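Report on one structure; see the data block that follows.
The values are calculated or read from the model by the stated rules, or taken from the named source; none is laboratory data. Nothing here was measured: the structure is a model prediction, and the numbers come from that model. Cβ placement follows ideal geometry from the backbone for every residue including glycine, while neighbour counts extend to all protein chains displayed.
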Amino acid sequence: MFGNVKAKLDLLKDYFYTKQALKAEPHLFDHVETYCMFVGYPRSSHSLIGSLIDAHPQTNIAHEQDVLKYIKYGFSKEAIFHLLLRNAKQFTEAGREWTGYSYAVEGQYQGKYTDLKVIGDKRGGNSSRRFSRNPELLKKLKKTIDLPIKFIHVIRNPYDNISTMAYRAVGSDKSKVTPEALTGELEHYFSLVETANSVFEQVDVADVIHVKIENFMEHPKEELKRICDFLGLETTEEYLDACAAIVYTKPHKTRNDYTWDEALKARVSGEIEKYPFFEGYSFTA
């Protein structure tokens, strides 16, 4: 009950903030060309990708603003964009730390920009949940934003992704990551996969980029340039080098931290085979 009251009060505060912001800067977003939408799964490194894109001088990528919530309640495009600017600035001022990691890129443009061409929000897992609960949100998103929308789909080895989701779900207590806990998160994960795939089927294939985080960590400059090309952004070696400097060389294989019996492995393997973007993933790869 009290949580709902707080959520409504926060929404009201955001509404009045945007009213003032729109009055002060009514034409701030006249030259924005593209909206960047993350769709995917929790614990798959969306925060890293979002922060690196936000370091580009022509972008603003907010952190966990949850744009679809504002779409649902009828906020205008410009109002939402003002919230995204505020969010990215505040996240930068707070140090860009999230779940124990720092995503700050030295000497670049996180939380600020020169001329704004691309704007968006890093909210992959929750966006998938909202699309799942309300499929009409995609149509409403397109109508409200009224700009080309580019979808970024960050993928991690499903066995690792499910393992990490289970670990977080039980309060980060490794002893509680049982086969039952893994099964619960397996079902949750693939429900989000099905929703994400449904979104991709409703948009142009050229408007979706699939990013395997393992490939990204192995080749951060090349993969980041591929993402920027997808978003219509030019890159410099300085920008790419600065971003690559904060990227780990490989993600932790959390699947090896817990007990995966053969039946569980087979269930994941069967689901993986349904989606071409999972090609190359297995328990051993």
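Restricting 93, 64 to those that are touching a helix residue (DSSP H, G or I) at 6+ places or on another chain (Cβ under 9 Å), more than 18 Å from residue 224 (Cβ to Cβ) and not aliphatic (A, V, I, L, M) reduces the list to 64. Scanning region 85-133 for residues that are modelled with pLDDT under 90, assigned to a loop (DSSP other than H, G, I, E, B) and within 24 Å of residue 69 (Cβ to Cβ) turns up 99, 123.
Residues that are surrounded by 10 or more Cβ atoms within 10 Å (Cβ to Cβ) and assigned to a helix (DSSP H, G or I) within region 17-30 comprise 17, 18, 19, 20, 21, 22, listed in sequence order. Between 146, 115, the distinction of being of a type in the set (Asp, Glu), at positive phi, surrounded by fewer than 17 Cβ atoms within 10 Å (Cβ to Cβ) and touching a residue at least 60 places away in the same chain (Cβ under 8 Å) belongs to 146 only. Scan the helices (runs of 4 or more DSSP H) fully inside region 183-259 and keep the ones with 3 or more residues being over 19 Å from residue 103 (Cβ atoms). Once the helices (runs of 4 or more DSSP H) in region 183-259 are filtered for at least 3 residues that are over 19 Å from residue 103 (Cβ atoms), what remains is 220-230.
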